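Asks: Handing you this structure, nothing more for now.
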Amino acid sequence: MARMLRILPDRPHALHDLAATRPLEQAAAAGLPEHTLMQRAGLATAQLALALAPHARKVWIVCGPGNNGGDGLEAALHLHNPTRQVTVTWLGNDTHVPPDARRSLERARSAGVCFADGPATALTERDLCIDALLGIGLAPGDASRPPPERWRALLRQLRAGPAPLLCVDVPSGLQTDTGAWAEGFAPGIPPGALCHTLSLLTLKPGLFTAQGRDAAGTVWLDRLGVSPEDASACAWLAGPPEHSPRPHASHKGSFGDVAIVGGEGLARRGMGMEGAALLAATAALHAGAGRVLVALLDGGALHAANSTPELMQRHFEALELGQLTVVCGCGGGEAVIEVLPPVLAQAARLVLDADALNAIARDAKLQTALAQRAARGLPTILTPHPLEAARLLGCSAASVQADRLTAAHTLAQRFGCVCVLKGSGSIVAPPGEAPSFINPTGNARLATAGTGDVLAGMVGTRLAAGDAPLAAARHAVFVHGRLADGWPSGTSLVASALACAPNFD
């Protein structure tokens, strides 16, 4: 276990997609005696299995027909002993076995490991199941072909039983690069199910975004004695931001002014959304903004009963956009369309959220104006959720979720700005060729109205304080998620409380 690492949100980690992992795997295998890499993988799996379930009396391992199955067979060899019943369900064919997997199969049979069509009987929560069916062996072209029914039945048994589940490399059927389930593999993982994934050689991006976080559970890494170059990473798992203490000789102007433009009133459509702007503004205050100005639209007003006295109300026309960091769109409704042309043309620094993004998606001229900001050296950050991203890209939300890294990168490239694609494993994508970041913090408590407005205000604060756009987005997204992770158990997370939570960093 000395070389095994539990992946926590305490530092950044390089992520390698399938295109980068395969050559690394081949190069490592070529530089070692035959079968060495598989033996290391099987031993690592067995060591983690014993650490996770030290009192297990039964271990059920489902092994696929390829090298992931070989890793499982090798693990079975190490776990097999007189006091522990190890049962292997092998789905291969003796006439079509990769060379290394064949050697592990022969070793397991010679050691007397039990092979059976199904699980050991009466598995308990003290025992363990191991998924060594596919790993990264699901090629992109296989994602649209449903698996055999027997495979699906076995995976259902693995995931629904009382015993904890350890997945070897990647949960079977989860696409390595995207975190989306291949057709026919999406499981009904019971809420609270105890899952672990041992990623071998490299960390894969799909473990940390989309459905990957639920499927993978706790992620562990064993590099198998190989050290991949960070330069080959396709993305990074973000680490915590550096603490940036403020000099004593500071004043409120030292950290910039944030202007919140949004919050449509009742006059136009009878659908008041001033609360969204108030949430963003309150979050900006608690994140450390020097001053926060609020310009509500359509005659909206911050009423004394729910206002924060530190906020400074302004008519939109009174804002000096060229001197401000503007957060535009929170609760903006239809009224935001009228202010977007000057905001896009003049704002010194800009965060676009919610209805501002929807308005831009409907208007080619606004899209051109957004893209022109990059050419003029004006920093911009987009913070869409998947449906807003889909509108900007002209596709469906399902398409965005099917490949979140690509969707965020495409938006960043198209508009020359940093894109924060919100969701499980939020993506922070810069323009250009630099890798994106997947955020490791946050949980389902953030799936409630207004938390995105809070994030927009936090992003604006970091941008106003002088952070570069990528750093500002990474910092705010990490801290926003960390607040949710530390939320008191049994206490509802509502956006107004989140906006006021201590997050000055």
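Asks: How big is the stretch 252-500 in terms of Cα radius of gyration and Dmax, in angstroms?
Replies: 16.4, 48
Asks: Can I ask one more? May I ask what percent, to the nearest 5, of DSSP beta bridges between residues of the chain are antiparallel?
Replies: Around 20 percent of the beta bridges assigned by DSSP in the chain are antiparallel ones.
Asks: Ok, one more. Relative to the longest principal Cα axis of the chain, at what angle does helix 274-286 sit, 0 to 90 degrees, rounded to 10?
Replies: Taking the Cα atoms of the chain, the angle to 274-286 is about 80 degrees.
Asks: Highest mean first, what order results for 81-92, 201-212, 311-322 on Cβ atoms within 10 Å?
Replies: By packing density, highest mean first, the sequence is 201-212, 81-92, 311-322.
Asks: Extending each Cα 7 Å along its Cβ direction at residue 492 and residue 115, get the distance between those two points in nm, one decimal.
Replies: For residue 492 paired with residue 115, the spin-label model returns 5.7 nm.
Asks: Given labels modelled 7 Å from the Cα in the Cβ direction, how far is it in nm from residue 313 to residue 368?
Replies: Computed distance between label sites residue 313 and residue 368 equals 3.8 nm.
Asks: In addition: Per q in 0.10, 0.12, 0.13, 0.15 1/Å, what log10 I(q)/I(0) does a Debye calculation on the alpha-carbon atoms of the stretch 4-236 return?
Replies: Here the Debye-derived log intensity ratios amount to -0.40, -0.59, -0.70, -0.96.
Asks: Please report the antiparallel percentage of DSSP beta bridges with both residues in the stretch 252-500, rounded to the nearest 5.
Replies: Taking every DSSP beta bridge within the stretch 252-500, about 20 percent pair in antiparallel fashion.
Asks: Net charge near residue 105, counting Lys/Arg +1 and Asp/Glu -1 over other residues with Cβ under 11 Å of its Cβ?
Replies: It works out to a net charge of 0.
Asks: Neighbour counts of other C-beta atoms within 10 Å: give me 343, 454 arranged from fewest to most.
Replies: Going from least to most buried by this count: 343, 454.
Asks: Then there is this: Restricting to Cα pairs below 8 Å that are 6+ residues apart, what does the relative contact order work out to for the chain? Please round to a whole percent.
Replies: 13
Asks: Rounded to a whole number of µm²/s, how large is the Stokes-Einstein D of the chain at 37 °C and 0.692 mPa s, given Rh as the Kirkwood radius over C-alpha pairs?
Replies: Answer, rounded: 135 µm²/s.
Asks: Using only the Cα atoms of the stretch 175-245, what semi-axes does the equivalent ellipsoid have when each is the square root of 5 times a gyration tensor eigenvalue? Give whole Å, largest first.
Replies: Over the Cα atoms of the stretch 175-245, the semi-axes work out to 24, 17, 13 Å.
Asks: Among 45, 451, 491, what is the fewest-to-most ranking by other Cβ atoms within 10 Å?
Replies: By the 10 Å Cβ count, ascending: 491, 451, 45.
Asks: List the GluC sites (Glu not before Pro) within the stretch 104-164 that DSSP assigns to loop and that have no more than 14 neighbouring Cβ atoms inside 10 Å.
Replies: Counting only loop positions with at most 14 other Cβ atoms within 10 Å, the GluC sites (Glu not before Pro) in the stretch 104-164 are 125.
Asks: Under 14 Å Cα-Cα from residue 422, which aspartates and glutamates qualify once same-chain neighbours fewer than 8 residues away are excluded?
Replies: The reachable aspartates and glutamates, counting only those whose Cα sits under 14 Å from residue 422, are 353, 388, 403, 453.
Asks: Here is a further query. Modelling each spin label as a point 7 Å along the Cα-to-Cβ direction, I'd like the residue 156/residue 227 distance in nm, to one decimal.
Replies: Here the answer is 4.8 nm between the modelled labels.
Asks: Counting other C-beta atoms within 10 Å, which of 196, 80 has the fewest, and how do the rest follow?
Replies: Ranking 196, 80 by Cβ neighbours within 10 Å, fewest first, gives 80, 196.
Asks: Residue-wise, which Karplus ³J(HN,Hα) couplings in Hz belong to the stretch 154-162, taking 6.51 cos²θ - 1.76 cosθ + 1.60, θ = phi - 60°, and x for glycine or proline?
Replies: Those phi angles translate into 5, 5, 4, 5, 4, 8, 9, x, x Hz.
Asks: Separate question: Defining a contact as two alpha carbons under 8 Å apart and six or more residues distant in sequence, what relative contact order in percent does the stretch 7-150 show?
Replies: The normalised contact order for the stretch 7-150 reaches 28 percent.
A short reminder: the numbers here are calculations on the coordinates, not readings from a lab. The structure displayed is predicted, hence computed values, not measured ones. In this analysis, Cβ positions are derived from the backbone assuming ideal geometry, glycine residues included, and neighbour counts consider all displayed protein chains.
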